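Notes follow the structure.
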Amino acid sequence: MREIDGDTAADAGDYTASMMNPKDCILFSGGAPGAEAAFGEAAERYGVEEVNFTFDGHRMTRTRGVRALNHEELQAGDVSLEYVSRLMHRRYTDAETIRKILQTLWYQVNNGQEIYVIGTVLDDGTVRGGTGWGAEFAKLCNKPLHVFDQAKKCWERWTGDDWTVCGPHDLPVITHPHFTGTGTRLLEDTGKRAVEELFKRSFAR
């Protein structure tokens, strides 16, 4: 198993699409039903390794590459999410299970060098639901961030200042071996297709 600490991932170097080999890649996700399961299923089909962050008692769909976080590790993801919640003007939940899920999102984003999300971009520029915390953390870390908006049926890319719609000639392609795939549990057919086409564009079979 490759080292998955954030520092190691950050030092992995720059990669281009022409260098990508699925056997060299790791998907960081959470294995939950919906978008995360779709990312995991695609990763398995294409021969990409999975690391799915979870905690004791959390229901998952994926059983491949499970990485259970202990109490101390979960707490490490707490400070960043508290900060992001203030930026988003959203109340950071006190519900223990939801809080742990948000903490696992920190690990997903911290380890991935490119972040791909299935969800909905709201008028204020944030992403709907718990997934929004992961997207905001990606912004803070200046990591490449793409969201497939299921309502608009298109990919959007964060430029550093705003969202821009990706046209047919600049659709996202995975270019780093350590990448994150997450998103809503309410996955629609368009979102599932977006995940499959992302992998198809990125990896030769």
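The values are calculated or read from the model by the stated rules, or taken from the named source; none is laboratory data. Because the structure is predicted, anything quoted here is derived from the model rather than measured. A quick note on method: Cβ atoms are made from the backbone with ideal geometry, for glycine too, and the neighbour counts reach across all protein chains shown. SASA here: full protein model, heavy atoms, side chains in, ligands and nucleic acids out. Shrake-Rupley method; radii C 1.70, N 1.55, O 1.52, S 1.80 Å.
Quick look at the numbers
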read-out: Extreme residue, nearest to L122 (Cα to Cα), among residues of segment 159-186 that are touching a Gly at 6+ places or on another chain (Cβ under 7 Å) and open to solvent by less than 50 Å² (accessible area, probe 1.4 Å); value: W163
read-out: Hits in segment 30-75 (condition: within 16 Å of W106 (Cα to Cα) and in contact (Cβ under 8 Å) with a residue 60 or more places away in the chain); value: G30, A32, E36, V51, R67
read-out: Number of the exception - N142 against (1) open to solvent by 20 Å² or more (accessible area, probe 1.4 Å); (2) farther than 19 Å from P177 by Cβ; (3) free of Cβ contacts under 8 Å to residues at least 24 places away in the same chain; value: (2)
read-out: When residues of segment 7-20 are limited to those that are in contact with a helix residue (DSSP H, G or I) (Cβ under 8 Å, 6 or more places away or on another chain) and open to solvent by 20 Å² or more (accessible area, probe 1.4 Å), the one modelled with the highest pLDDT; value: M20
read-out: Positions within segment 146-193 being among the acidic types (D, E) and over 24 Å from N21 (Cβ atoms), in sequence order; value: D149, E156, D161, D162, E188, D189
read-out: Answer residue from segment 21-66, given it is assigned to a loop (DSSP other than H, G, I, E, B) and basic (K, R) and is surrounded by the fewest Cβ atoms within 10 Å (Cβ to Cβ) among those; value: R59
